[in-house]
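Right, one structure below, let's go through it.
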Protein chains: 2
Amino acid sequence: MLASHFHLNTSKEAPADAEVISHQLMMRAGMIRKHAGGIYTYMPLALKVLRKIENIIRTEMNNAGALEILMPVVQPAELWMQTGRWDAYGAELLRIKDRHGRDFVLQPTSEEVVTEIVANEIHSWRQLPLNLYHIQTKFRDERRPRFGLMRGREFTMKDAYSFDRDEAGALKSYDIMFNAYKKIFTNLGLKFRAVNADTGSIGGSRSHEFQVIADTGEDLIVYNPDSEYAANIELAEAPCLIAERALPSKALELVPTPEANKCELVAELLNIPLQQTVKSVVYSVQDEEGKKSIYLLLVRGDHEVNEVKIGKLAAFKHGFELASEEEIIEHFGSKPGYLGPVNTVKPIHIIADKTVGNMSDFVCGGNQENTHWVGVNWGRDLPEPMIEDIRNVVAGDPAVDEPGTLAIEHGIEVGHVFFLGDKYSEKLKATYLNEQGKPEVIQMGCYGIGVSRIMAAAIEQNNDDKGIIWPLPIAPFEVVICPIGWGKSEEVRQQATSIYNYLKDQGIDVILDDRDARPGVMFSEWELIGVPIRVTVGEKGLKEGIIEVQARRDKESQKLSPSEVNSYLFNLYQQLKSTV
Amino acid sequence: MLASHFHLNTSKEAPADAEVISHQLMMRAGMIRKHAGGIYTYMPLALKVLRKIENIIRTEMNNAGALEILMPVVQPAELWMQTGRWDAYGAELLRIKDRHGRDFVLQPTSEEVVTEIVANEIHSWRQLPLNLYHIQTKFRDERRPRFGLMRGREFTMKDAYSFDRDEAGALKSYDIMFNAYKKIFTNLGLKFRAVNADTGSIGGSRSHEFQVIADTGEDLIVYNPDSEYAANIELAEAPCLIAERALPSKALELVPTPEANKCELVAELLNIPLQQTVKSVVYSVQDEEGKKSIYLLLVRGDHEVNEVKIGKLAAFKHGFELASEEEIIEHFGSKPGYLGPVNTVKPIHIIADKTVGNMSDFVCGGNQENTHWVGVNWGRDLPEPMIEDIRNVVAGDPAVDEPGTLAIEHGIEVGHVFFLGDKYSEKLKATYLNEQGKPEVIQMGCYGIGVSRIMAAAIEQNNDDKGIIWPLPIAPFEVVICPIGWGKSEEVRQQATSIYNYLKDQGIDVILDDRDARPGVMFSEWELIGVPIRVTVGEKGLKEGIIEVQARRDKESQKLSPSEVNSYLFNLYQQLKSTV
């Protein structure tokens, strides 16, 4: 491609509504253009990236035996009513009436339609297993679309659905998809983790998120660098950090702690480790009749309560919220900041985190303003508490049930694999006849990848102050040739064109910038766009026998002679292609 | 691909709502599945065809210098209001409100969005020309969707838009697209015609339809086999068939013609050629104040009035309809069937077709029931009429302004190129600064291809009583290998697999039917699906040293020895690839 035949339109400034770096850089690089909140056009640069992502996904889906189909964007509401999602989905589901007043939805996902297809197509056990996928436009009417392609309303998604005779088959299909996803994200050239995300609430027993690692990611991932273990922080099991509770060595004592209404301040004031303090968090919890009781949750001073974990406690399953100041004063006799399990005004339920359960001689609030208890001990000063895993993992925690120390990083969810069981197949009557001629319900799995979101996530992971740094497999162009003096030097034109033709012949996606722009402008533009390899052919350099090759990620360029530049480029290309 | 890894599901019967052959065959071949009127899923076979069509289009669009983008399916209504199409488009435009009550449309086409993009992207004459296209899901809420993919509601379309500095540039872009379209339809392996469709009503002076030739097509195409001329029948100029009017040779006479209320019956009764009769068609025509007058249109007995042509007459431009029986009796004193220009009860306007204008001694209605005038002559029995081209061309008419005889065939419109001028760019303020820094309005063209419709049109053109006959470039599979006795004969398996591997290595899209089905069932299935080349490897044949190759379009199969089969297949493949 010659740049003069392409459409480039970069800018120094991003629009004010671009809050995250991927959104800013995609706008500045002229990749996307906005038409309404969360609705964009993919300009030629972005579409090239999107298609490369799609093709990498398609290849591995096909390799894994999945069959590509194309389901409609506009889907009949009846199906969504049959599964109950017409009501359950809420305002994110964009609803339409056609000219005859019939209800339709703009698909946010395709479980209903694919299950209807399979209910009609599949009759016999001989036709199973089956895995159908499509790469299609989706729509979710987000209340507040933002972050560009990270949370758009119209987006491209690959969704696959597996159909099996039984749970064992479905789990096998799940594993095949899990492995295909690992290949896909590896081939995309992205750093990622497959994160255990089994919530138990989808009716199945397996679920993994595929997270692209990026400092700006909204999700926190706990992982063990020494094993395959990775989990969303909401779900990662937190270990007890104290193997055995020590015997009490101090007396219980109420000490003044003026204005020390946080564990950090108390530890500083009393000159003790933060790890000696206990944090009190109070919840108002409903039972099944809606009656409220007060629960005091205790975690170590350097830990945080995890609401996903407490939501799974039997006592919390009918609803809970942080207690109001009124409720707190009524039960503890003190404002927040000085609360603790010792001497409450009214009886309360106490749940201690596993680590707190083994603490001794600890410090907690005095239930009077500006005071704390020190030397608190279970069994002596307080009854033994109920003990549960109620805290977030922190970096440095030992791994559970395996060697290693847990680390935490930020991620962006770009893929999700679920075991669905019969959630949809039961309601939409997708059954097959087994060898005995008896109808059985098909077992399903579903497997999504946010295709357009990957583009944004790749940028969140790979950028610097100059712009985007595309991984080679999904770069809009793999190599850019920047001739300096294109308009006036025949030698520059010849040399640049010769390299261009060589790279094209190798099947490399190369663009030659024949616009005769000033070098500074040209370099900034291609650094912003993020092409992985830049070749500079200048009149001055050629006089010295030098052509410069600059890998976008490297600080230093390589100075090469015209005779060695092609083979150097080819090797660099191969190397970048295989490196994640 | 192995058939056991693919999803095949054919049936002997088509559903009752499948009226046209392409719809019937696509349903029977298991290519599409219906979810609602005009809304289908493309199953694996159909999606393979769709993608091949898309890629052929994409290649030639790119070769022609167009740049691919992706515009959204959901588009803001504001833009459609600015161009007036929000009101003008009617019920076919599917309208949506998002959760905040903002109006959107589901795109039936993208002039508005692409013009908005260009209005923002283009500032200088240096950035022009530009041609942007996308291949995207469209929606038109047809009142009565039917004929499967021929008239669906959700469909895939390629739409391109060219942007130029002036009309000369825009017409150059038009010609580039026109030529690209010819390559595209040639490469698709379809018989087609580029048909002049210049209606003058779109604000431009150029428009062509690309029609796939098929007996079942709804459009009639007039063409000259000896030249490039082709036009929609609504627009094809009809020649005057009589070079010079002969002098009267018969006396005017009113003759009884009992129950002969059609030209054919009159000619039969009077034993004269149909070409000697004149047909009367009466219209009630409004002037600009809404006042009605009666027009009698005269065409030769074997010709038909063309309402598109009369709609362009100055007198007809404020509206017209066929006159009512009351109006006819009031003006002619007779019921329809016996009307003519001689002796009307009230004065009327008379327009004669060019051929009628040169007729002499002709026969027309007597304006009394069961009578006709014979020996009618212009100038003698009637004043000279107003003469216009008001009839349809018929096969055998001489070509206008060139040698040759016109022929007529049926076609299906699958592409359309338009010169748009400033219709959208003016309203959406898409301007650029010329060399003098003065803003000028961009001149546009638009170029559509019905991608999914091509699939149906290809079937309408290529089928027989066994099923579909795919042109090789868009066949779901290019070759099918049918082993007979796959399950029991090692030799069959080896030979079939060897051919399969050879074809795969040649980059040929081949499927090996390893399902061990009965030969009759297997053959019928692949004939229905329409794979262009079938290879049969059977135990019995191998004993005789024979492998059979059957081209789907041929009556006879070729019997080949195992040693010659590969090279024969390769040659047949190359031949089918290059033949339209």
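Residue check: is B:Thr216 among the β-branched types (Val, Ile, Thr), open to solvent by 40 Å² or more (accessible area, probe 1.4 Å), in contact (Cβ under 8 Å) with a residue 40 or more places away in the chain and not in a loop (DSSP other than H, G, I, E, B)? Criteria not met by B:Thr216.
Contact map, segment B:559-580: residues that are touching a residue at least 40 places away in the same chain (Cβ under 8 Å) and farther than 21 Å from B:Leu542 by Cα paired with residues that are of a type in the set (Ser, Thr, Tyr) and surrounded by 15 or more Cβ atoms within 10 Å (Cβ to Cβ), Cβ distance under 9 Å, separation 6+ or inter-chain. Pairs shown: B:Val580/B:Thr186.
Within segment B:481-512, count every residue that is under 16 Å from B:Phe6 (Cα atoms), open to solvent by less than 10 Å² (accessible area, probe 1.4 Å) and in contact with a Leu (Cβ under 8 Å, 6 or more places away or on another chain). Qualifying residue count, segment B:481-512: 4.
In the set A:Val521, A:Val537, A:Val479, only one residue is of a type in the set (Val, Ile, Thr), in contact (Cβ under 8 Å) with a residue 60 or more places away in the chain and farther than 25 Å from A:Thr216 by Cα; that residue is A:Val479.
For (1) closer than 23 Å to B:Ile57 by Cβ; (2) open to solvent by less than 60 Å² (accessible area, probe 1.4 Å); (3) in contact (Cβ under 8 Å) with a residue 24 or more places away in the chain, each residue gets a yes or a no:
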position	(1), (2), (3)
B:Ile184	yes, yes, yes
B:Lys191	yes, no, yes
B:Glu234	no, no, yes
B:Leu247	no, no, yes
B:Glu259	no, no, yes
B:Glu268	no, no, no
B:Leu274	no, yes, yes
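Every test in (1) in contact with a strand residue (DSSP E or B) (Cβ under 8 Å, 6 or more places away or on another chain); (2) under 14 Å from B:Ser280 (Cβ atoms); (3) charged (D, E, K, R) is passed by B:Glu321 save one, and that test is (2).
Taken together, the residues in segment B:64-77 that are open to solvent by 10 Å² or more (accessible area, probe 1.4 Å) and either in a loop (DSSP other than H, G, I, E, B) or away from every other protein chain (no Cβ under 11 Å) (or both) amount to 2.
Within segment A:150-176, the residues that satisfy the criterion of being more than 25 Å from A:Ala430 (Cβ to Cβ), under 18 Å from the mean Cα position of the chain (by Cα) and modelled with pLDDT of 95 or more are A:Arg153, A:Phe155, A:Thr156.
Here's a check for you: in segment B:78-95, which residue that is crowded, with 19+ Cβ neighbours inside 10 Å and free of Cβ contacts under 8 Å to residues at least 60 places away in the same chain is nearest to the other protein chains (Cβ to nearest Cβ)? Selected residue: B:Leu94. The residues in segment B:270-282 that are in contact with a Lys or Arg (Cβ under 7 Å, 6 or more places away or on another chain) and either aliphatic (A, V, I, L, M) or in a loop (DSSP other than H, G, I, E, B) (or both) can be counted, and the count is 1. Applying the criterion of being part of a loop (DSSP other than H, G, I, E, B) and facing chain B (nearest Cβ under 10 Å) to the residues of segment A:96-120, the residue that is most open to solvent (accessible area, probe 1.4 Å) is A:His100. For segment B:2-37, a residue qualifies if it is out of contact with any Gly (no Cβ under 6 Å at 6 or more places or on another chain), under 30 Å from B:Lys504 (Cα atoms) and not in a helix (DSSP H, G or I), and the qualifying residues are B:Leu2, B:Phe6, B:His7, B:Leu8, B:Ser11, B:Ala29, B:Gly30, B:Met31, B:Ile32, B:Arg33. Against the numbered list (1) closer than 29 Å to B:Ser22 by Cβ; (2) at pLDDT 95 or above, B:Ile117 comes up short only at (1). In the condition set (1) more than 8 Å from chain B (Cβ to nearest Cβ); (2) of a type outside the set (Asp, Glu); (3) assigned to a strand (DSSP E or B); (4) under 27 Å from A:Glu435 (Cα atoms), A:Leu132 is compliant with all but (1).
Of all residues in segment A:38-50, those being open to solvent by 10 Å² or more (accessible area, probe 1.4 Å) and either more than 10 Å from chain B (Cβ to nearest Cβ) or in a strand (DSSP E or B) (or both) number 2.
For (1) crowded, with 18+ Cβ neighbours inside 10 Å; (2) touching a Cys at 6+ places or on another chain (Cβ under 6 Å); (3) of a type in the set (Asp, Glu), each residue gets a yes or a no:
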{"position": "A:Asp381", "(1), (2), (3)": "no, no, yes"}
{"position": "A:Glu384", "(1), (2), (3)": "no, no, yes"}
{"position": "A:Ala399", "(1), (2), (3)": "yes, no, no"}
{"position": "A:Ser425", "(1), (2), (3)": "yes, no, no"}
{"position": "A:Lys429", "(1), (2), (3)": "no, no, no"}
{"position": "A:Tyr432", "(1), (2), (3)": "yes, no, no"}
{"position": "A:Ile459", "(1), (2), (3)": "yes, no, no"}
{"position": "A:Pro471", "(1), (2), (3)": "yes, no, no"}
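Tally up the residues in segment B:51-60 that are within 12 Å of chain A (Cβ to nearest Cβ) and touching a strand residue (DSSP E or B) at 6+ places or on another chain (Cβ under 6 Å), please. Residues meeting the conditions: 1. Residue-level check: of (1) out of contact with any Asp or Glu (no Cβ under 7 Å at 6 or more places or on another chain); (2) farther than 18 Å from B:Val374 by Cα, B:Asn224 misses just (1). Among the residues making up segment B:204-213, those that are open to solvent by less than 10 Å² (accessible area, probe 1.4 Å) and touching a Gly at 6+ places or on another chain (Cβ under 7 Å) are B:Phe210, B:Gln211, B:Val212. Of the residues that sit in segment B:12-37 and are over 27 Å from B:Met1 (Cβ atoms) and within 10 Å of chain A (Cβ to nearest Cβ), which one is least open to solvent (accessible area, probe 1.4 Å)? For segment B:12-37, the residue satisfying everything is B:Ala36. Of the residues making up segment B:135-163, those that are assigned to a strand (DSSP E or B), open to solvent by 20 Å² or more (accessible area, probe 1.4 Å) and of a type in the set (A, V, I, L, M, F, W, C) number 2.
The values are calculated or read from the model by the stated rules, or taken from the named source; none is laboratory data. Model, not experiment: these values are computed from the prediction. Reconstructed Cβ throughout: ideal geometry from the backbone, glycine too, with neighbour counts over all protein chains shown. When the accessible area is computed, the model is the full protein with side chains, heavy atoms only, and any ligands, DNA or RNA have been set aside. Shrake-Rupley method; radii C 1.70, N 1.55, O 1.52, S 1.80 Å.
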